[in-house]
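Note sheet for the following structure.
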Amino acid sequence: MSSNHRVVGKLQTLVRIPTVSYPDWDRVDVAAFDAFLVELAAQFPLVHERLGLTRVDTHGLLFHWAGRSAERPLVLMAHLDVVPVDGDAVWQHPPFGAEIHDGAIWGRGTLDDKGELVAICEAVETLLAEDFTPAQDVWLSFGCNEEVSGSAARLAVEELTRRGVRPWMVIDEGGAVATEAFPGIDVPIGVVGVTEKGVTSLELRVDGAGGHASTPARNAPTVRIARALQRLDRHQMPAHVPEPTLELFRRLAPHAPAALRPVMQNAGRIKPLVTKALVALGPETAATARTTFAMTTLSGSPALNVIASTAKAGVNIRITVGDTVASVLEHVRRTVDDDQVQVTLLEGNDPCPVSPMDEAFELIEATIVDVFPDAVPAPYVMMAATDSRHFTKICPRVYRFAPFRMTKEQRGSIHTYDEHLGVDALVDGVRWYQRLIERLPA
Ligand SMILES: [Zn+2]
């Protein structure tokens, strides 16, 4: 059996172990997580024998591979937990079956994020078998509760800090070798996340007298909440295209349809126009250009004939580069403009600092070109939050890139149904991590 098949079998075995994360620990199948770690050790014996291993949080793993130098450590991240499978969603193939159909491995976690985990381990296992020593220390940080914003990654950062390790570069999930990513552009784009939006949640609350529905007073709590939400929906924060997005446009320009080329090439100089276009094109492009507000939860009276004494709404906010939790709060208070609406910050995260496009980025870029010669590497702003945000505290160069070819359909399957990773894509991903480690600068 070839080594290609070997890595496919490893991923299949690990996808079949349902390491599902729930915010409520009582719902977590601890035995599945235990079994996963046992199976991981069985699949990657050299990684477990030769690398130093520290257990982090409940099932997180932090491996240390000593290189010739400890000057510029590399951290490769992945997480071993997955999101639950929605019972109503109809998968073409069983979500924990890891069956192979049409040249792909199907199942929950193949893309997010067991594929990366297995590709990293297989790359290291292969190099260890060749007695390779990396030029720099390599750390593997595998979280166990990323999907519920758990503490494993934060604790891994604490552990590295305790040991005096300052990573030179961190690479986590997010990004891909994406096809059909941009209308009119046929080449795959190796999108590398150089920052991510900050996830922030607010509660709006109005307290009032309540009472019987037969004698309503005006401006009840529910009405005030509704008015506050409407104002927030109407008056968004100003849009502005962040620099990584402008650089993405510049890099794609040569591959764009002729009519779009000059606009993309000069996006920086005609920023207001580009910003307007992105906002007008729809919610997805608008989200790339500004902080977004989603009014998600809403509650008032439990009964139709009772006036609510309290009305509440939840607002989920994704803060773009340039805005902050403080500026968002200021905007909300000014826009709602009602001192009876209490605004409580439930969680506040600023966007991550933008990682530089220096020699570390160039290493990622060169490795993309090497393994995916048809792809255009480019920076971008990630919309979703990853565990890597914790590493921005100890490292300026945090990048989000999964070295897998992914179609639009595949990217859309993450966290929903029909998640699948191409067999060839997995093999290329192993090669990408391997090349990256081989290329580490002395
Ligand atoms: Zn993930």
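Things worth noting here:
- Considering segment 373-403, and only residues there that are part of a strand (DSSP E or B) and within 12 Å of the ligand (Cβ to nearest atom), the residue that is modelled with the highest pLDDT turns out to be 400.
- Exactly one residue among 75, 118, 85 is in a strand (DSSP E or B) and either of a type in the set (A, V, I, L, M, F, W, C) or at pLDDT 95 or above (or both), and that residue is 75.
- Single residue of 98, 104 found to be open to solvent by less than 10 Å² (accessible area, probe 1.4 Å), farther than 22 Å from residue 434 by Cα, modelled with pLDDT of 95 or more and more than 22 Å from the chain's Cα centre (by Cα): 98
- In segment 411-432, the residues that are within 22 Å of residue 76 (Cα to Cα) and among the aliphatic types (A, V, I, L, M) form Cβ pairs under 6 Å with partners that are at pLDDT below 95 and more than 13 Å from the ligand (Cβ to nearest atom), at six or more places apart or across chains, as follows: 427/4.
- In the set (1) touching a Gly at 6+ places or on another chain (Cβ under 8 Å); (2) open to solvent by 70 Å² or more (accessible area, probe 1.4 Å); (3) not in a loop (DSSP other than H, G, I, E, B), residue 217 fails one condition alone, (3).
- Qualifying positions in segment 297-343 - among the small types (Gly, Ala, Ser), under 16 Å from residue 205 (Cβ atoms) and not in a strand (DSSP E or B): 300, 301, 308, 309
Results for (1) farther than 30 Å from residue 395 by Cα; (2) among the aromatic types (Phe, Trp, Tyr), shown as yes or no for each residue.
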| residue | (1), (2) |
| --- | --- |
| 22 | no, yes |
| 51 | no, no |
| 59 | no, no |
| 63 | no, yes |
| 79 | no, no |
| 84 | yes, no |
| 101 | yes, no |
| 107 | yes, no |
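- When residue 312 is tested against (1) open to solvent by 40 Å² or more (accessible area, probe 1.4 Å); (2) out of contact with any strand residue (DSSP E or B) (no Cβ under 8 Å at 6 or more places or on another chain); (3) farther than 30 Å from residue 428 by Cβ, only condition (2) is not met.
- Conditions (1) of a type in the set (Gly, Ala, Ser); (2) open to solvent by 10 Å² or more (accessible area, probe 1.4 Å); (3) away from the ligand (no atom under 16 Å from the Cβ); number of the one not met by residue 198: (2)
- Selection count, segment 94-120, where residues are within 16 Å of the ligand (Cβ to nearest atom) and either more than 18 Å from residue 176 (Cβ to Cβ) or not hydroxyl-bearing (Ser, Thr, Tyr) (or both): 14
- Residues satisfying the stated conditions in segment 344-364, i.e. surrounded by fewer than 22 Cβ atoms within 10 Å (Cβ to Cβ), out of contact with any Asp or Glu (no Cβ under 8 Å at 6 or more places or on another chain) and not in a loop (DSSP other than H, G, I, E, B): 345, 347, 359, 361, 362, 363
- Any hit, segment 371-392, residues being over 17 Å from the mean Cα position of the chain (by Cα) and free of Cβ contacts under 8 Å to residues at least 24 places away in the same chain: yes
- Sub-7 Å Cβ pairs linking a first residue in segment 169-192 that is more than 15 Å from the ligand (Cβ to nearest atom) to a second residue that is among the β-branched types (Val, Ile, Thr) and not in a strand (DSSP E or B), at least 6 apart or interchain, are 179/407; 180/407; 188/179; 190/368; 192/364, ordered by first then second residue.
- Only one of the numbered conditions (1) more than 16 Å from the ligand (Cβ to nearest atom); (2) touching a helix residue (DSSP H, G or I) at 6+ places or on another chain (Cβ under 7 Å); (3) not in a strand (DSSP E or B) is not met by residue 153, and that is (1).
- Of residues in segment 126-144 being open to solvent by 20 Å² or more (accessible area, probe 1.4 Å) and touching a residue at least 60 places away in the same chain (Cβ under 8 Å), the one nearest to residue 405 (Cα to Cα): 126
The values are calculated or read from the model by the stated rules, or taken from the named source; none is laboratory data. Keep in mind that this is a model prediction, so the values were computed, not measured. Virtual Cβ from ideal backbone geometry, glycine too; neighbours counted across all protein chains shown. The protein model used for the area step is the full one, side chains on, heavy atoms only, and it has no ligands, DNA or RNA in it. Shrake-Rupley method; radii C 1.70, N 1.55, O 1.52, S 1.80 Å.
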